[in-house]
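Q: Quick one: the structure is below, questions incoming.
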Amino acid sequence: MGKDRSYQKKKRYLTALLAVMILTAALNAAGGCGSGKEKDNKMRIQELIGSFREGEEFSGDLSGLIINDRADKVVIDRCRGALRAEEEPVREQVIHLLAAVGKRVDPLFDKGGDMIRDRSIVTILVEEGLSRKSAARDLTLTLLQYSVPADLLKDFGKLFADNLKRWPDATLLLVVAKTKAVEASETVDSLMEIPGWAKETETQVAAAALGDREMEKEFIRRFEKAGDPREKADAALLLGYIGTKAALTSLAAGMRSGLVIEMAGVSRRSVRVFIMQALCYNHPEKTFLFDNAVNSDADYAVVEKFCEETYGVEWKKERPPFLWIEGFPSGRL
């Protein structure tokens with residue numbers, strides 16, 4: 001009996017040991033797969049950065065940079081490190097890479113969106129992309145202005161203000177206007193006291209966006225009084241850059257403009273194209289404001305309903321005959 005008990009005890013011990021070995025092997029295998037993927041991604045980004053050092057430009061190839069429709073953390077972290085350690089033009093190419101990844105992983109990319117809404121990428125662009133006065137900074141500012149929604153930049157007001165004070169820049173003034181970065185008000189006011197800067201449209205736009213009501217009214221007046229189609233289109237875009245409630249209400253009210261920009265023998269383009277572009281600048285998630293959204297008069301009706309509900313505008317005249325962009329002799333471009 002004692003021998004049997006000893007045998008059973010030994011058997012149970014061996015069975016438990018075997019189970020532990022199997023579990024350990026499984027965990028190691030799983031960890032090995034993860035480590036391998038991480039290693040592959042790290043090698044991919046290191047190879048890309050190495051190619052940038054050799055003078056190559058980012059080709060747009062995103063293989064190995066996106067995992068399960070998300071920006072890979074290994075890649076993002078390595079890009080941050082490169083922006084801190086590398087020189088130009090490597091840094092500029094890294095910004096191109098980050099922008100391409102950010103736009104591709106955005107849920108609205110396949111619908112024609114051009115947004116960067118991954119917070120980790122936005123943070124790196126702001127904190128590292130603006131850290132030096134360089135071509136990388138210029139590129140970053142353009143991306144922040146046109147591709148990053150304002151609400152994702154609200155927390156960086158002080159950084160923008162400090163950057164503007166150190167390196168005044170026209171595009172940064174538009175970013176300040178877009179985000180309504182009140183921390184930059186003092187610097188904008190100072191620039192408005194300098195004749196060279198005061199006459200710049202970007203400085204005036206920033207001033208209007210940050211509370212200069214007389215300047216805001218002047219931009220609105222230019223838009224509403226403009227009879228020349230090109231002047232109307234340009235004025236519309238500036239109201240979009242200002243982005244205050246009054247500026248956007250004026251834009252919305254202009255959605256029944258019948259003005260048309262004509263390029264002899266090339267195309268006819270409704271000014272409403274530019275008004276929608278200015279509205280989309282402030283509402284980048286609204287797909288019905290995208291460049292590819294208007295194909296019929298019904299699409300204009302959707303935009304007008306948005307203007308009515310969001311800005312309370314009403315029209316006394318009928319909607320103009322349908323026109324988006326029309327090439328000569330006929331047909332949409």
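Quick note: the coordinates plus some simple rules give every number you see, no bench work behind them. The shown structure was predicted, so the numbers you read here are calculated from the model rather than taken from an experiment. Reconstructed Cβ throughout: ideal geometry from the backbone, glycine too, with neighbour counts over all protein chains shown.
Q: Can you tell me the length gained on complete extension of the stretch Asp189 to Ser59, counting 0.36 nm per residue apart and subtracting the Cα distance?
A: 42.6 nm
Q: Would you mind working out the magnitude of the charge dipole of the stretch 227-327 relative to its Cα centre, with +1 at each Lys and Arg C-beta and -1 at each Asp and Glu C-beta, to the nearest 20 Debye?
A: 160
Q: Along the charge dipole of the stretch 227-327, pointing to its positive end and built from +1/-1 on Cβ of Lys, Arg, Asp and Glu, which listed residue (Val313, Thr287, Val273) has its Cα farthest out?
A: Val313
Q: Measuring from a point 7 Å past the Cα of Asp151 along Cα-to-C-beta, which residues in the stretch 109-125 have an amide N at less than 18 Å?
A: 109, 113-123
Q: Hey, rough spin-label estimate for Arg70 and Trp315, points 7 angstrom out along Cα→Cβ, what's it come to in nanometres?
A: Using points 7 Å along Cα→Cβ, the separation is 4.4 nm.
Q: Another question, then. In the Gaussian network model of the chain, springs joining C-alpha atoms below 10 Å, which of Met255, Met43, Met115 carries the largest mean-square fluctuation?
A: Fluctuation is largest for Met43.
Q: Here are some pairs, Lys103/Lys286; Lys133/Lys165; Lys217/Lys316; Lys103/Lys305; Lys217/Lys245; which of them have Cα atoms lying more than 18 Å apart in this structure?
A: Lys217/Lys316; Lys103/Lys305
Q: I need the phi-derived Karplus couplings for the stretch 134-151: 6.51 cos²θ - 1.76 cosθ + 1.60, θ = phi - 60°, integer Hz, Gly and Pro marked x.
A: Taking θ as phi minus 60°, the curve returns 7, 5, 4, 5, 4, 5, 4, 4, 4, 5, 5, 5, 9, 10, 9, x, 4, 5 Hz for the stretch 134-151.
Q: Which ³J(HN,Hα) values, rounded to whole Hz and listed in residue order, are derived for the stretch 73-86 from phi using the Karplus coefficients 6.51, -1.76 and 1.60 in 6.51 cos²θ - 1.76 cosθ + 1.60 with θ = phi - 60°, glycine and proline given as x?
A: 4, 4, 5, 4, 4, 5, 5, 4, x, 5, 5, 7, 9, 7
Q: Okay, next question. Choose one of Ala226, Val122, Ala161: the residue whose Cα lies farthest towards the positive end of the charge dipole of the stretch 108-259 (beta-carbon charges +1 Lys, Arg; -1 Asp, Glu; about the Cα centre).
A: Ala226
Q: Treating only the Cβ of Lys, Arg, Asp and Glu as charged (+1, +1, -1, -1), what charge dipole size does the stretch 34-152 show about its Cα centre? Round to the nearest 20 debye.
A: So the dipole magnitude of the stretch 34-152 works out to roughly 340 debye.
Q: Assign unit charges at the C-beta atoms only (+1 for Lys and Arg, -1 for Asp and Glu), then state the dipole size of the chain relative to its Cα centre in Debye, rounded to the nearest 20.
A: Charge dipole, the chain, about its Cα centre: 1860 debye, nearest 20.
Q: Would you grab the residues whose amide H sits under 5 Å from the one on Ser267? Only those 5+ places off in sequence or on another chain, please, with H modelled 1.01 Å from N.
A: HN-HN under 5 Å from Ser267: Phe328.
Q: Related question: Starting from the amide H of Met192, placed 1.01 Å from N in the peptide plane, find each other amide H under 5 Å away whose residue is 5 or more places distant or on another chain.
A: Close amide H contacts, sequence-distant or interchain: none at all.
Q: Among Leu174, Leu239, Leu152, which one shows the highest mean-square fluctuation when the chain is modelled as a Gaussian network with alpha-carbon springs under 10 Å?
A: Judging by the Gaussian network model, the answer is Leu152.
Q: For the stretch 177-190, in order, what is each residue's ³J(HN,Hα) by Karplus, 6.51 cos²θ - 1.76 cosθ + 1.60 with θ = phi - 60°, in whole Hz (x at glycine and Pro)?
A: Running phi through 6.51 cos²θ - 1.76 cosθ + 1.60 with θ = phi - 60° gives 5, 4, 8, 6, 6, 4, 4, 8, 4, 4, 5, 4, 4, 5 Hz.
Q: Which value in deg cm²/dmol, rounded to the nearest 500, describes the helix-derived mean residue ellipticity at 222 nm for the chain, given -39,500 (n - 2.57) per DSSP H run of n ≥ 4 and division by the residue count?
A: -20000 deg cm²/dmol
Q: So which residue, out of Lys317, Lys232, Lys180, gets the largest mean-square fluctuation from a GNM of the chain using Cα contacts under 10 Å as springs?
A: The residue that fluctuates most here is Lys317.
Q: Within 10 Å, count the other beta carbons around each residue, average over each peptide in 208-221, 297-310, and list them highest first.
A: Most protected by this proxy first, the peptides run 208-221, 297-310.
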